[in-house]
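Accompanying notes for the structure given below.
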Amino acid sequence: MKRLIVFGLFTMLLFSCESIKISMDYDNTADFSKYKTYKFDHRVDELPLNDLNKDRLKNAVNTQMAAKGFTESDNPDLYVDIVLTAQQEQNTYATTNYYGGGYRYGRGGFSTTDVNTVNYVVGTLFIDLIDAETEKLVWQGRGEGTIDESTKNREKNINDVVQKIFYYYPPKSN
C-alpha cells in the first residue's frame, strides 16, 4: 500500500521547485577523487514508479554524474541508489476578523474566527552514493519539498531537483 502511495504521489510529480530544501551528508574520511565510475544499484529498478518516471529520474542522475566527470561502468567505483519517501502533513491555522465600530476602544463590535486545515504531502528524494569496494555509504543528497499535484512539466522538475542535489557533490573539504 505504501508503495502505491509513493508511486501515485511521485507520478503527480515531484516538487514545486521553489520550495525544495536540499541537504547532504558525507563520509569525511572518503577520498572522493578516486571515484570515476558508477552503476545504478539493483534496487533502483524496484522503485515504486512507472517506467516513464523511473527513466526520467535515472536520466537526470546520469546527466549529473556525467557533468561531475563520471562514466557508467559494469565494474563501478560507486553504486547509485535512489530512495523516495512521502509523508502526509497537515497545517491548521486560525484567522480572526473583527467587525463593528471601535472595538479597540471598548465600543461594541464582534469577531469571528475561521479555522482552516490544509493537507499536503511532503516528498523526499534521497540519492545515495555507495563505495563499491567497501559497500559503505559515502555521500547522500536529499531534496525535500511539498509535492505539487498540478505540475505539468515532470521531466523539467525531476532534472531541476536532481541538479540541485548534485550541486553539493563532491563535498567541499574543511
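Selection of region 74-95 for residues being modelled with pLDDT under 95 and either of a type outside the set (A, V, I, L, M, F, W, C) or more than 30 Å from K36 (Cβ to Cβ) (or both) yields T85, A86, Q87, Q88, E89, Q90, N91, T92, Y93, A94, T95. Where residues in region 63-93 are among the charged types (D, E, K, R) and outside any loop (DSSP other than H, G, I, E, B), which of them is nearest to V162 (Cα to Cα)? Within region 63-93, the match that is nearest to V162 (Cα to Cα) is D81.
Cβ-Cβ under 7 Å, sequence separation 6+ or interchain: first residue in region 93-121 and farther than 24 Å from T146 by Cα, partner in a helix (DSSP H, G or I) and at pLDDT below 85. Which pairs? Close Cβ pairs satisfying both conditions: G109/Y103. If the condition is being among the aromatic types (F, W, Y) and out of contact with any Leu (no Cβ under 7 Å at 6 or more places or on another chain), then region 24-63 contributes Y26, F32, F40. When the residues of region 135-157 are filtered to those that are small (G, A, S) and more than 16 Å from P170 (Cβ to Cβ), the one that is modelled with the lowest pLDDT is S150. Would you confirm, using the coordinates I've provided, whether T71 is at pLDDT 80 or above and either among the hydroxyl-bearing types (S, T, Y) or out of contact with any strand residue (DSSP E or B) (no Cβ under 6 Å at 6 or more places or on another chain) (or both)? Yes: the conditions hold for T71. The single residue among Y26, Y38, Y99 that is more than 23 Å from V121 (Cβ to Cβ) and either small (G, A, S) or at pLDDT below 95 (or both) turns out to be Y99. Scanning region 21-36 for residues that are among the acidic types (D, E) and closer than 12 Å to I130 by Cα yields a total of 1. One residue is enough: does region 116-125 have a residue meeting the conditions surrounded by fewer than 10 Cβ atoms within 10 Å (Cβ to Cβ), modelled with pLDDT of 85 or more, of a type outside the set (S, T, Y) and farther than 30 Å from D51 by Cβ? Yes - at least one qualifying residue is present in region 116-125.
The values are calculated or read from the model by the stated rules, or taken from the named source; none is laboratory data. Predicted model, so just to flag it, every value in this text is computed and none were measured. Ideal geometry is used to build each Cβ from the backbone, glycine not excepted, and the neighbour counts take in all protein chains shown.
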